[in-house]
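Trainee: First the structure, then my questions, so here it is.
Rule-based calculations on the coordinates, nothing more; no lab input. Here the structure is a predicted model, which is why all the values come from computation and not from measurement. No Cβ is skipped: glycine too gets one built from the backbone with ideal geometry, and neighbour counts run over all protein chains shown.
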Amino acid sequence: MLQPLAGQFVLQSRQGTHWHLDETRWPMFCLPQGQGRQLWWFWVVVSPEVTAFLLAPTRSGQVARDFFPKGTQGIVSVDRYAGYFALLGPDWSLKLAYCWSHQRRDFVNVVASADRGQGWVEPWVELINQLFGTNARRRQAWFQGPSAAFGPLDQSVRQQVAQLKERMEGELVLLC
């Protein structure tokens, strides 16, 4: 009874232009006799209108490729899993937007793994921490209902992201 409904969730989700996509391991039991536990993958695709769930025997980027019809345009918010690069082919016009928590972790890991970059990394981590704090206040204002607090906080988040982008572009110029 639920299968047609689940299919409609997938079809509706494909109509969007911004998705959040993630996957996690999902141990499967109760498979054909003689096959013990197998590791499958539980995928979730969240759009503003609907959440679609997929269960696949693989973590391959092919699952994401199969979800999005050729010609799909939009933004996909993802973690740093390399399988999502499969969505960057010529068949789609998709942009991958990486999670700020994963970006922040990369900065922290640079110092932890190589014991270098101390002077360069801390300002980045602090800027991302400030963004997290402002966004938390913005979300709180949003969920509390209409108020004058949301607008300025939303503008502040946008300014902080623009500053991070400007800093990144400035540092890239220095590397070239």
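Trainee: At most 15 other Cβ atoms within 10 Å plus a DSSP loop assignment makes a site exposed; report the longest stretch of the chain without any exposed trypsin sites (Lys or Arg not before Pro).
Mentor: The reported range is 117-176.
Trainee: Quick one: putting +1 on the C-beta of Lys and Arg, -1 on the C-beta of Asp and Glu, what dipole do you get for the chain around its Cα centre, in Debye to the nearest 20? Don't jump to the answer; show the numbers that get you there.
Mentor: Working: 17 positive and 14 negative charges, 55 e Å.
About 260 debye.
Trainee: Another question, if that's okay. Take every Cα pair under 8 Å in the chain that's 6+ residues apart, average their separations, divide by the length, and report that relative contact order as a whole percent.
Mentor: It comes to 13 percent, rounded to a whole number.
Trainee: Using the Karplus equation 6.51 cos²θ - 1.76 cosθ + 1.60 (θ = phi - 60°), what ³J(HN,Hα) coupling, rounded to whole Hz, does each residue of the range 158-165 give in order, writing x for Gly and Pro?
Mentor: Those phi angles translate into 4, 5, 5, 5, 4, 5, 4, 5 Hz.
Trainee: So, one more: How far, in degrees from 0 to 90, does helix 100-114 lean away from the longest principal axis of the Cα atoms of the chain, to the nearest 10?
Mentor: 70 degrees
Trainee: Using a Gaussian network model of the chain whose springs link C-alpha atoms within less than 10 Å, name the residue from Gln144, Gln12, Gln62 with the highest mean-square fluctuation.
Mentor: Most flexible of the set in this elastic network: Gln144.
Trainee: Normalising by the residue count of the range 2-98, find the relative contact order in percent from Cα pairs under 8 Å and 6+ residues apart. Working shown, then result.
Mentor: Details: 168 pairs, mean separation 24.9, N = 97.
Worked out over the range 2-98, it gives 26 percent.
Trainee: Within a 10 angstrom radius of the beta carbon, how do Ile128, Ile75 rank from fewest other beta carbons to most?
Mentor: Values: Ile128 19, Ile75 14.
Arranged by neighbour count, lowest to highest, Ile128, Ile75 become Ile75, Ile128.
Trainee: Multiplying the sequence separation of Lys95 and Ala162 by 0.36 nm and subtracting their Cα-Cα distance, what value in nm do you get?
Mentor: 22.4 nm
Trainee: Cut-off is 10 Å between beta-carbons; in what order do Cys99, Cys176 appear when sorted fewest neighbours first?
Mentor: Arranged by neighbour count, lowest to highest, Cys99, Cys176 become Cys176, Cys99.
Trainee: Against the longest alpha carbon principal axis of the chain, how many degrees, from 0 to 90 and to the nearest 10, is the axis of helix 2-13 turned?
Mentor: For helix 2-13, the angle is close to 30 degrees.
Trainee: Right, here's the next one. Taking the chain as a Gaussian network, Cα atoms linked when under 10 Å apart, which of Glu126, Glu166, Glu49 shows the biggest mean-square fluctuation?
Mentor: Result for the chain, Cα springs under 10 Å: Glu166 fluctuates most.
Trainee: Here's a follow-up. Decide, for the range 52-175, between rounded, prolate and oblate: order the square roots of the alpha carbon gyration tensor eigenvalues as a ≥ b ≥ c, take rounded if a/c falls under 1.5, and otherwise choose prolate if a/b is larger than b/c, else oblate.
Mentor: Working: a/c = 1.93, a/b = 1.21, b/c = 1.59.
Cα axes put the range 52-175 in the oblate bin.
Trainee: Okay, next question. Would you calculate a helix-derived [θ] at 222 nm for the chain, using -39,500 (n - 2.57) for each DSSP H run of n ≥ 4 and dividing by the full residue count, to the nearest 500?
Mentor: -16500 deg cm²/dmol
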